[in-house]
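The values are calculated or read from the model by the stated rules, or taken from the named source; none is laboratory data. The model shown is predicted, which means the values in this text are computed figures rather than measured ones. Backbone-built Cβ (ideal geometry, glycine too); neighbour counts: all protein chains shown.
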Amino acid sequence: MVIVSFTQIDWIIIRQALSISLATGKHCCIKDAMAFLALHPHFGAFLSDVEEFLHKYGWGTFETQKNDLLFYPQSPTFGTFQISINPYSSAIEMMLFIMPALFSQDFRSKIFLSGVTHSPHSYGTTWMKESFLTFLEQMGFYASCTLRRFGFYASGGGFIEAKVYPHEKHTFSFQSFNNKTITLQGARIYIAHLDNSIATQEKALLCDLLHIDDNQVKVLEIRDCDGAANHIEIYFDLNAFPIVLSESIPVYDYSGNFVFSDEKIIATIQTLTQKATEIAHQSQLPLEIERELSLYELFTSTNYFGISEMSLLTRALVESFS
């Protein structure tokens, strides 16, 4: 059994450890995972979806020992999968969990995910489709992510169709992308079942903080969805590769309480634009792209990443299963 023990444990480490364990068939024990989830119960909803999926398709079981999470994977197979996402979870997190195992199969798989497509605790579908999967292709990992209907945190009702193909061996280094010019392209505001004046306020704030023109920020009103939501995306270009930063402004909390406010709008946009400014200034891949791609070193012969401290943790995680 592989023992996963890090002092800086977070949800991504937990999810990545489970993904590698499933893909390699090696049992694992994630130290202090349950203690972390007790302090951050909204991530527990993600784990509940993972457990339900594993039970439905017979891909593995969990056990808990005090603060530790034990995972006993079974042999995953290609196929067609129907996955229901609970209203406080994320379809993107489920995709990130299952993809490494499906890339290792001999034939294509199809995944139909219904529920939350945009969560304040995970990435958005644009990040997955236009940015992350584009970078994965350079490593020989081909997948698609098609948003059929928006589904937001605490209401769900969305739908994603995804496809995952067998891995093809490529030799490519992303180190060449660092220290290159990153060009800010613009931003996009998604708003659903909230007053349109909110989007006007957000557009002015984005233009001011990013120093961009009014026509570089687009507003999309989402009407075909079940609940209220507010999602912000900022777009960059890196050597013709798209980079997407996004945040969902919390409308409801984990208990279903309405928490949307001007203070949350301003705080979220300030955090997002500060991150965008730092990325443009440093001309480095965003931490989340770097960290998520680091997981796939397990399936390739080339080391791509390891610049940031958190990516080094993912590399250490990968090496523990090698």
Return the residue satisfying two criteria in turn: it lies in the stretch 21-65 and is hydroxyl-bearing (Ser, Thr, Tyr) and out of contact with any helix residue (DSSP H, G or I) (no Cβ under 9 Å at 6 or more places or on another chain), and of such residues it is farthest from Ser122 (Cα to Cα).
Tyr57
Is it true that some residue in the stretch 106-121 is in contact with a Lys or Arg (Cβ under 7 Å, 6 or more places away or on another chain) and touching a residue at least 60 places away in the same chain (Cβ under 8 Å)?
no
State which residue pairs qualify: first residue under 16 Å from Ser294 (Cα atoms) and touching a residue at least 12 places away in the same chain (Cβ under 8 Å) and inside the stretch 1-30, second residue surrounded by fewer than 24 Cβ atoms within 10 Å (Cβ to Cβ) and of a type in the set (S, T, N, Q) in any location, beta carbons under 6 Å apart, and separation of 6 or more residues or different chains.
Ala23/Ser104
Residues within the stretch 1-13 that are surrounded by 19 or more Cβ atoms within 10 Å (Cβ to Cβ) and within 14 Å of Ser122 (Cα to Cα), tallied
3
Condition check: without any contact (Cβ under 8 Å) to a residue 40 or more places away in the chain and either surrounded by fewer than 18 Cβ atoms within 10 Å (Cβ to Cβ) or within 21 Å of the chain's Cα centre (by Cα) (or both). Does Thr273 satisfy that?
no
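From the list Glu221, Glu263, which one is under 30 Å from Pro41 (Cα atoms) and at pLDDT 95 or above?
Glu263
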Quick one: would you say Ser89 is assigned to a helix (DSSP H, G or I) and among the small types (Gly, Ala, Ser)?
no
Suppose the filter is at pLDDT 95 or above, more than 23 Å from Glu288 (Cα to Cα), among the basic types (Lys, Arg) and surrounded by fewer than 17 Cβ atoms within 10 Å (Cβ to Cβ); does Lys110 pass it?
yes
